[in-house]
Amino acid sequence: MSRFTQLLRTSTVRLTATFILIFSLFAILLLAFIGWQSSVSIQRQQANDIDREVQVLQRLDANQGIRAVAIAVQRVSRAPGPGVYYLGDAAGQFLLGNVTDVPPEVLREPGTYSFNYERADSLADTVDAIEGKPDRPSKAGYAVVRSVALSNGMRLIVGRDVVERRGFSAIIVQSFLFGVLGIVLFSVIAGGITARRVLRRIDTIRDTSTKIMSGNLSERVPVTKRNDEFDGLATNLNAMLDRIEQLLQGLKEVTDNVAHDLKTPLTRLRNQAESALRDGASDESRKQALATTIAESDRLIQTFNALLMIARVEAGAPSGALTEIDVSAVVADLAELYGPVAEDEGIAVTTDIAPGVHLRANRELIGQAMVNLLENAVKYAKPDGEGEGKITVGLRQDGGRVLIEVSDNGPGIPAEDRKRVLERFVRLEKSRSEAGSGLGLSLVDAVTRLHGGTFRIEDNAPGVRAVIDLPAA
């Protein structure tokens, strides 16, 4: 019973009930109008036919006399059909026709009348009826007639039996009632089936969300092959759940990595402070301990600054933060700035920068992304840590895209790790003895996504090619 009550409370059932009500009212009005119009049309047609026959018989009376009228009445009276005919003398006594008895008022005053009558099906029936022979039963009916007086005073009555018309109206009413009943019945069945299917899909989504809230983040809403609006909703929900799961997994990894990366410098800070406070420590050793403490503190501050910048970038750019910039000038200036730094490490820097390329972007964020790429290139440009290192900084426009490339000839990154290194605190150097926090490429990826682009790492054979792919201004 509760399931039925829940079904009745669904929006689908209420909307279906509203549709049934509106459709039923419309169908009732439409069928009633059709029936009324049909009845009026038949009635008008019968009246026109009666008027036309009366006019024809009146012309016969005027042109050929009463004998021609009598012959015509006798002929049409024998024909099968709904026609009603009566020809009487000046006193109204029956002479010819297929109706032997009419109400007196019809004979007294010309006009249009309707009455019940008994109709003889043939001339023999008429004669028998006149002679009072009861062995031939008459056919009862209801007629609409027009009564006129001919030129010699005789009475002519022409009409139509309306029983068939009433039968037609009854058929229309019957069809109308059955039609409305069928519409309501099938609409209720269809609404119930539709509501049940909708409720089943909603229950599936609710059950999945309940499992997810209980802690099972791997649950997903089932998607059918119908590709309807529920499948679209399920697809979007699943994509949202995938993103949430990725963020939670990333948060866990960030928490683990932050704890790991901060533990070592904090331990060193404590050890340096303890050694500086140890009895017998010289002024020189204390100064060295303080210098080391400041250096470690700077590294920690840089790590937190990088985390804050990534958080701000992923939160989205504020209104007005994106302006049209000359990205060619930005890339050229940074390549020139890092040229001497690379030369000190024995690395040659070459550029291939297309001039006059503009972007709608944040100048500071694009510059920071370039700084991170150049620092990584300087750190890993030398093959196997030795030999001559080469860095190439490129900028080109390809159709509606702007490509910023930083390439080196270092040891490179394995293909299976090229997406993983974009995550926070991911460092391929397992011992983590090298300087760095593993946030540089994460920041580049966040800046690129903020500007509607993609960041990818490709094979430079040897080394890697870091590509920032952005939409042109």
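Since every read-out is calculated from the coordinates, none of them should be taken as a lab result. Being a predicted model, the structure only gives us computed values, none of them experimental. Reconstructed Cβ throughout: ideal geometry from the backbone, glycine too, with neighbour counts over all protein chains shown.
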Apply 1/(1 + (r/R0)^6) to the Cβ-Cβ distance of ARG14 and THR112, taking R0 = 45 Å, and write down the FRET efficiency to the nearest 0.05.
0.25
Extension gain (nm, one decimal) between LEU337 and ALA273, 0.36 nm per residue minus Cα-Cα:
19.4 nm
The farthest towards the positive end of the charge dipole of the stretch 55-125, of the residues PHE115, VAL73, THR100, given +1 on Cβ of Lys and Arg and -1 on Cβ of Asp and Glu, is VAL73
Determine, from the Cβ-Cβ distance of GLN288 and GLU416 and an R0 of 45 Å, the FRET efficiency 1/(1 + (r/R0)^6), rounded to the nearest 0.05.
0.60
Hey, rough spin-label estimate for TRP36 and GLN397, points 7 angstrom out along Cα→Cβ, what's it come to in nanometres?
7.2
ALA472 long-range amide H proximity, modeled H, under 5 Å:
ARG401, VAL402
Length released on extending from ALA27 to ARG449, taking residue separation times 0.36 nm less the Cα-Cα span
146.2 nm
Could you check the simple spin-label distance between LYS263 and ARG360, using points 7 Å along Cα→Cβ, in nm with one decimal?
4.8
Hey, which of these cross-link pairs are over 30 Å Cα-Cα: LYS379/LYS419; LYS252/LYS379; LYS252/LYS382; LYS263/LYS287; LYS211/LYS263?
LYS252/LYS382; LYS211/LYS263
What full-extension length gain, to one decimal in nm, is calculated for ASP326 and THR210 as 0.36 nm per residue of separation minus the Cα-Cα distance?
36.6 nm
Roughly how big is the stretch 180-250's charge dipole about its Cα centre, with Cβ charges of +1 (Lys, Arg) and -1 (Asp, Glu), in debye to the nearest 20?
220
Between the stretch 333-380 and the stretch 25-56, what's the alpha-carbon centroid distance in Å?
91
